[in-house]
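Asker: Structure provided below as structure tokens; questions to follow.
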Amino acid sequence: MGELVNFKDTSFYTNREMSWLSFDRRVLSEAQDKTIPLFERLKFLSITASNLDEFFMVRVASLLDMVNAGYKKEDIAGLSPKKQLALLDKATHELVKEQYDVYRKQLIPELAVNHLRVIEHHEMLSEKEGAFVDRFFAEQVYPVLTPMAVDSSRPFPLIRNKSLNLGALVCKKNGGSELEFATVQVPAVLPRIVEIPVGTDECGADSDGIGKSIILLEEVIERNIRKLFLNYDIVCVSPFRIERNADLTIEEDEAEDLLKEIEKQVKKRQWGQAIRLEVEDGMDARLLGIISDELDIEPSGIYKIKGPLDLTFLMKAYGMEGFEELKYKKHVPVDHPRLTGEYDIFEAIREGDILLHHPFQSFDPIVKFVKDAAEDKNVLAIKQTLYRVSGNSPIVAALARAAENGKQVTVLVELKARFDEENNIVWARKLEQAGCHVIYGLVGLKTHCKICLVVRREEDGIRRYVHLGTGNYNDATAKLYTDVGLLTCSEYMGEDATAVFNMLSGYSEPITWSNLALAPIWLKKKFLRLIGRETQNAREGQPAKIIAKMNSLCDPDIIAALYEASAAGVSIDLIVRGICCLKVGIPGVSENIRVRSIVGNFLEHSRIFFFENNGKNEVYMSSADWMPRNLERRVEILFPILDEKLKEEAMHILKSQLADNAKAHSLKKDGTYARVQKHGASRYCYQEVFCEEAKQKEKATRPDPIANHVFIPREKV
């Protein structure tokens, strides 16, 4: 039967962009969940706003480019770019309304109950509060502002991407009747949240000083805007914000210097085509008309907001002091049981492969791996890829130190990592100045793999130590994202790692690989072969099962292969955090496929793949999702877990996620997601369980102070 079905029928697929919006709704559902601490809900709402900004700047912008270029090719679900935009127009407006319903109807009242008053309109200020705000404006804000009028000699100003602005209609005093447009940018160099000191507010602070009142900076400016236009009467004033096309177009083949070309394109990002205009609901129609006309915004791109524009300010509110009881207790990553106290990282790796699971276990061993290699006199070379690193990266500092110590250091810095281009340019230059050999990636490809190779001279010859991971070499996000990484000195892994860097730095492409599979060369074929093997096993009546965890699933060839496997009887469990273009429950196609998404306190970022292989289980980890961009347009690595105990650890991760009934959502036949029902079972949150398990494992390795204590009798004097 399976052979008669066209597994690439467009009706079997969900549009990628609509699936992404479904993911953002799952994040929004966390902001609505009253079992979650209040300030954590603020954080989740902020994340939905940040996500939506990037969605417009990249995905919607890309579709608009296609429409403007006359591109009509249909997507995986049979939709043209124009049809996709029509669907997204309705869905994004609905999502924004839902965001602000959560903000106004749920979070603001609950914040007030918990002694945090958010002053949404400056008219709500008491006399004392108003005096403080006016003084704050005069002393802290006014010197920074640059009001801009528009007339025959002063054209409409360039409005920066994602900047918050106040637009106003003004007319000259003493009988002036002609309306003029004026604007002032809310300065990003100042904190957007202005805290009103206790004693000047009416927030009901108790004797312990627990209550707070805050007002947003744009409200402070709006209250005092007449001081910026002294010769004018203010007819109306409202905030507005735009998002521009931020999808860079880089002609790598024609760029003589990729670094300079990317620098140039990053600057252009601030002035790309305006694609979305957010305005305060109730903005004067004349003012809205001027702004939308000047920015050339279509009516569908205008979002009338009932609340403060740009909810990402809630992440700053989350960081306010004094509300710790309204947040999760902070998890501190613990040491891996084999990497505690004072230890030699290279000796530990020689004793056997080590699997690290972040953020439950500390990222420090990876930093130590590079730091110790930089100082070790026996280390000859360090080679590493960097995609996104932290602002003050200890790994970059260690690589620079290694070069200064005379070691051969090769670093591939991916300059095309979206929205991290400027940061990566800074690091690339710093590494070059230290004497590192810096590679800027490959033409036409992003290097997204996470690999670090240390070459060390030892008594029995040269030994290669390798770290392979699913997440970036970023010590900051390693505390927030779930990722896995492998430390090994396997001879075969070392040979493959050397081959990877030889390929990245030159033209050496090995004919065969021992353990690793690389995109865009063989990785997709490997996945299809592994899925096909399970399909064949099922047809022959042998055990066949696939469990795959990833961030996104939208590759049509992979999905078609999964459909064929399901039709053959393979049991398939998919754990997909974000985009999923696959549909479940299609008769004869996907009845054996189950999809779940986990949205929790930590961002699910690891990629883990299990194939039953007729009882000879295989487990892989990868930097790649099952997306065309990962499998066809990026350099990615898939690596096997060969140690049986580590396989069990990996399977424990997968099985625990499949057991989660606290943060998991399951994909339904109609394409929507619903929270997994407990059906009488006790609550099981895999992330909470792993935090506790990591602590218990680390605790078990600590020396017993009593058992090791030696009692020595005092000698007679």
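Asker: Where the second residue is of a type outside the set (S, T, N, Q) and in a helix (DSSP H, G or I) and the first is closer than 19 Å to Val184 by Cβ and in contact (Cβ under 8 Å) with a residue 40 or more places away in the chain and lies in the range 122-143, which pairs have Cβ atoms under 6 Å and are six or more apart or on separate chains?
Answerer: Taking only residues 6 or more apart or on different chains, the pairs are His122/Glu219; His122/Arg223; Val133/Val220; Phe137/Val220.
Asker: Out of Leu453, Leu480, which single residue is surrounded by fewer than 24 Cβ atoms within 10 Å (Cβ to Cβ) and in contact with a Gly (Cβ under 9 Å, 6 or more places away or on another chain)?
Answerer: Only one candidate passes the filter, namely Leu453.
Asker: While we're on this one: Among the residues of the range 55-87, how many are touching an Asp or Glu at 6+ places or on another chain (Cβ under 9 Å) and among the charged types (D, E, K, R)?
Answerer: Of the residues in that region, 4 qualify.
Asker: Still on this structure, please answer the following. Looking at (1) farther than 30 Å from Cys554 by Cα; (2) surrounded by fewer than 20 Cβ atoms within 10 Å (Cβ to Cβ), find the lone condition where Asp89 falls short.
Answerer: Failing condition for Asp89: (1).
Asker: Confirm whether Val396 is among the aliphatic types (A, V, I, L, M), touching a His at 6+ places or on another chain (Cβ under 8 Å) and surrounded by 19 or more Cβ atoms within 10 Å (Cβ to Cβ).
Answerer: The answer is no for Val396.
Asker: For the range 345-365, how many residues meet the condition of being in contact (Cβ under 8 Å) with a residue 24 or more places away in the chain and of a type in the set (D, E, K, R)?
Answerer: Residues that pass the stated criteria total 3.
Asker: Same structure, new question: Criterion first (small (Gly, Ala, Ser) and under 18 Å from Arg241 (Cα atoms)) does Ala168 satisfy it?
Answerer: For Ala168, the condition - small (Gly, Ala, Ser) and under 18 Å from Arg241 (Cα atoms) - is met.
Asker: Same structure, new question: Being in contact (Cβ under 8 Å) with a residue 24 or more places away in the chain and surrounded by fewer than 23 Cβ atoms within 10 Å (Cβ to Cβ) is the requirement here; does Lys377 meet it? Please lay out each step first, then the result.
Answerer: Details: in contact (Cβ under 8 Å) with a residue 24 or more places away in the chain: no; surrounded by fewer than 23 Cβ atoms within 10 Å (Cβ to Cβ): yes.
No: the conditions fail for Lys377.
Asker: For the condition of a type outside the set (Ser, Thr, Tyr) and crowded, with 21+ Cβ neighbours inside 10 Å, what is the one hit in Leu574, Leu603? Break it down stepwise before answering.
Answerer: Values: Leu603 fails: crowded, with 21+ Cβ neighbours inside 10 Å.
The conditions single out Leu574.
Asker: Would you mind finding the one in Leu52, Leu88, Leu95, Leu21 that is under 24 Å from Val599 (Cβ atoms), touching a Phe, Trp or Tyr at 6+ places or on another chain (Cβ under 8 Å), assigned to a helix (DSSP H, G or I) and not assigned by TED's automatic domain parsing to the domain that holds Gly578? Steps first, answer last, please.
Answerer: Details: Leu52 fails: touching a Phe, Trp or Tyr at 6+ places or on another chain (Cβ under 8 Å); Leu88 fails: touching a Phe, Trp or Tyr at 6+ places or on another chain (Cβ under 8 Å); Leu95 fails: touching a Phe, Trp or Tyr at 6+ places or on another chain (Cβ under 8 Å).
Exactly one residue qualifies, and that residue is Leu21.
Asker: Quick check, is Leu38 modelled with pLDDT of 95 or more, in the same structural domain as Lys8 (by TED's automatic domain parsing) and either surrounded by fewer than 14 Cβ atoms within 10 Å (Cβ to Cβ) or more than 17 Å from Tyr303 (Cβ to Cβ) (or both)?
Answerer: Working: modelled with pLDDT of 95 or more: yes; in the same structural domain as Lys8 (by TED's automatic domain parsing): yes; either surrounded by fewer than 14 Cβ atoms within 10 Å (Cβ to Cβ) or more than 17 Å from Tyr303 (Cβ to Cβ) (or both): yes.
Against the criterion (modelled with pLDDT of 95 or more, in the same structural domain as Lys8 (by TED's automatic domain parsing) and either surrounded by fewer than 14 Cβ atoms within 10 Å (Cβ to Cβ) or more than 17 Å from Tyr303 (Cβ to Cβ) (or both)), Leu38 qualifies.
Asker: Which one of these is closer than 30 Å to Phe690 by Cβ and not assigned by TED's automatic domain parsing to the domain that holds Leu530: Val455, Val438, Val443, Val484?
Answerer: Of Val455, Val438, Val443, Val484, the one residue that is closer than 30 Å to Phe690 by Cβ and not assigned by TED's automatic domain parsing to the domain that holds Leu530 is Val484.
Asker: May I pose another question? Can you work out which of the residues in the range 291-316 that are aliphatic (A, V, I, L, M) and either assigned to a loop (DSSP other than H, G, I, E, B) or over 20 Å from the mean Cα position of the chain (by Cα) (or both) is surrounded by the most Cβ atoms within 10 Å (Cβ to Cβ)?
Answerer: Here the residue is Leu311.
Asker: Restricting attention to the range 676-699, does a residue exist that is touching a residue at least 40 places away in the same chain (Cβ under 8 Å) and farther than 24 Å from His358 by Cα?
Answerer: Checked the range 676-699: at least one residue is touching a residue at least 40 places away in the same chain (Cβ under 8 Å) and farther than 24 Å from His358 by Cα.
Asker: Could you please give the count of residues in the range 536-554 that are of a type in the set (D, E, K, R) and under 20 Å from the mean Cα position of the chain (by Cα)?
Answerer: 1
Asker: Can you tell me which residue among Ala674, Ala681, Ala659 is touching a helix residue (DSSP H, G or I) at 6+ places or on another chain (Cβ under 8 Å) and either surrounded by fewer than 16 Cβ atoms within 10 Å (Cβ to Cβ) or among the small types (Gly, Ala, Ser) (or both)?
Answerer: Being touching a helix residue (DSSP H, G or I) at 6+ places or on another chain (Cβ under 8 Å) and either surrounded by fewer than 16 Cβ atoms within 10 Å (Cβ to Cβ) or among the small types (Gly, Ala, Ser) (or both) holds for just one of Ala674, Ala681, Ala659, which is Ala659.
The values are calculated or read from the model by the stated rules, or taken from the named source; none is laboratory data. Here the structure is a predicted model, which means the values were calculated and not measured. Virtual Cβ from ideal backbone geometry, glycine too; neighbours counted across all protein chains shown.
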